[in-house]
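The block underneath contains the structure these notes are about, expressed in structure tokens.
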Amino acid sequence: MEALKEELKNKIITTLNLEDIAIEDIADNDPLFGDGLGLDSIDALELIVILDKDYGIKLVDPKEGKTIFQSIESMAAYISANRTK
Amino acid sequence: MQLKKTYINGIGCISTQKTFDTVFLEEAVHNHDENVLKIVPPIYKDFISPAAARRMAKGVKNGIVASAIAMKDANIENVDAIITGTGLGCIEDSEKFLKNILDNNEEFLTPTSFIQSTHNTVGAQIALLQQCKGYNFTYVNGAVSFESALIDAKMQIEEDEAQSVLVGGVDENGDYTTALFKLSGRIKPDNQQPYNLLDSDTSGAVYGEGASFFVLENERKKTTYAEILDVTILNTLEENEVEAETLSFLKANNLEISDIDALVLGFDGNVDFENYYRNLGENSFANTPQLYYKHLSGEYDTASAFALWMAAKVLKTQEIPEIIKVNSVEKLAYKTILLYNQLNGKNHSFTLISK
């Protein structure tokens, strides 16, 4: 689980081009949107593609995203439980 | 109705030279070793928040910085219109998006590079940052993209549609496009150093990238560099027609050859098309100071915007740096400058500015 969290932080920094942010700046429970990392709706689409492309998870209900993408912790938990690759 | 005059009241340039935080070209370097010149980047964070910059390719960032420098130089905070010229637009993101389509077999496509890949991204992002809701237009007309924007800007001011216009030319190198240009011979082949532009005997050009922006206003101010007297575009012109066309352009502006204090030529090292410039330089304008610039800026569709930046600086400083001189003719004062440019024998432009 810890390795997955680190992997996710890395992917988010690289994919979303967060130049000024290092892995250690993102706490597992920091909100990804709003006051935390400050991600926006375009970033949400990038995260959906990461789930699909890298972990084989297709989000059928977009409303689920709000819970899944709350933090690195919630993302890692969802991926661990649902990944197909 | 009397047409309003158009003055360049502020300029900003990001190029393959250090053209920011400098007086003129005192730090310019003629790079003989590269056939593709890369931008000297400013500190983007001083102009764009990291959150906004993270989705921007270098062309967008350079356009924003160059326009911000021009606005500061002109000492104004708002303009009535933003007009941009670009040959290839945001080619870096276009390449990224197309590569994603191929690499992922048309799946897993995300919007980021797509929404940044359109040609009008630069003008749009400048407008967003400045909260400018006025006229916003981008011209994509090959090597006369910038001049098209300039003509529009001049007309907006002349007709009093706008009192102030931010106008600029911007292009960026994309790795794949650069590779294709090398294959097609548009860029000089690798490993043929030294790359000299004035005594070249090979085809192709030394390429570059950059963003140059200008604040144009309808009144002369303390910050004024020059008045834009006239701009004209000709898509086709034969080598032996250039001289007559130039003289006719001058005549239309009630000027003669002797009135031109400097002639800026777009030599890009391509031996196939350099006679367009030589015909002018060695005949009618043999006794006129001649300047060139693409050894510093590289060739690209909107390199002529760099030339206008350079000419405006000459009028303001009344100095011609050695590094841009084609000949050794000098004048006591520089009042009127003529710029002539073309790319691969097409898209010719004449721009006339005066102090």
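The values are calculated or read from the model by the stated rules, or taken from the named source; none is laboratory data. Bear in mind that the values here come from a model prediction, so they are computed numbers and not experimental data. Cβ sites come from the backbone with ideal geometry, for glycine too, and all protein chains shown count toward neighbours.
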Within the group B:A28, B:A66, which residue is within 23 Å of the chain's Cα centre (by Cα), crowded, with 17+ Cβ neighbours inside 10 Å and not in a loop (DSSP other than H, G, I, E, B)?
B:A66
Looking at (1) surrounded by fewer than 20 Cβ atoms within 10 Å (Cβ to Cβ); (2) more than 20 Å from B:Y176 (Cα to Cα); (3) in contact with a helix residue (DSSP H, G or I) (Cβ under 7 Å, 6 or more places away or on another chain), which one does B:T84 not meet, given that it meets all the others?
(1)
Candidates A:D54, A:D30, A:D40, filtered to the one that is among the charged types (D, E, K, R), within 11 Å of chain B (Cβ to nearest Cβ) and within 18 Å of A:M1 (Cα to Cα)
A:D54
From the list B:A127, B:A149, B:A162, B:A143, which one is in contact with a strand residue (DSSP E or B) (Cβ under 6 Å, 6 or more places away or on another chain), more than 14 Å from chain A (Cβ to nearest Cβ), of a type outside the set (S, T, N, Q) and assigned to a loop (DSSP other than H, G, I, E, B)?
B:A162
Test result for B:V264, within 17 Å of the chain's Cα centre (by Cα) and not in a helix (DSSP H, G or I)
yes
Going residue by residue through the range A:18-33, is there one that turns out to be in a helix (DSSP H, G or I), among the β-branched types (V, I, T) and closer than 19 Å to B:E107 by Cα?
no
Among B:E227, B:E299, which is the only one that is at negative phi, touching a strand residue (DSSP E or B) at 6+ places or on another chain (Cβ under 6 Å) and surrounded by 20 or more Cβ atoms within 10 Å (Cβ to Cβ)?
B:E299
Return yes or no: is B:G89 touching an Asp or Glu at 6+ places or on another chain (Cβ under 9 Å) and at positive phi?
yes
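Rundown of residues vs (1) within 14 Å of A:S71 (Cα to Cα); (2) touching a residue at least 12 places away in the same chain (Cβ under 8 Å), yes/no style:
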{"site": "A:A3", "(1), (2)": "no, no"}
{"site": "A:T14", "(1), (2)": "no, no"}
{"site": "A:N17", "(1), (2)": "no, no"}
{"site": "A:D28", "(1), (2)": "yes, yes"}
{"site": "A:D35", "(1), (2)": "yes, no"}
{"site": "A:L39", "(1), (2)": "yes, yes"}
{"site": "A:D43", "(1), (2)": "yes, yes"}
Applying the selection to the range B:207-238, what residues are outside any strand (DSSP E or B) and either out of contact with any helix residue (DSSP H, G or I) (no Cβ under 7 Å at 6 or more places or on another chain) or modelled with pLDDT under 95 (or both)?
B:E209, B:E219, B:R220, B:K221, B:K222, B:T224, B:E238
Out of B:L352, B:L343, B:L308, which single residue is aliphatic (A, V, I, L, M), closer than 26 Å to B:P194 by Cβ, touching a residue at least 60 places away in the same chain (Cβ under 8 Å) and touching a strand residue (DSSP E or B) at 6+ places or on another chain (Cβ under 8 Å)?
B:L343
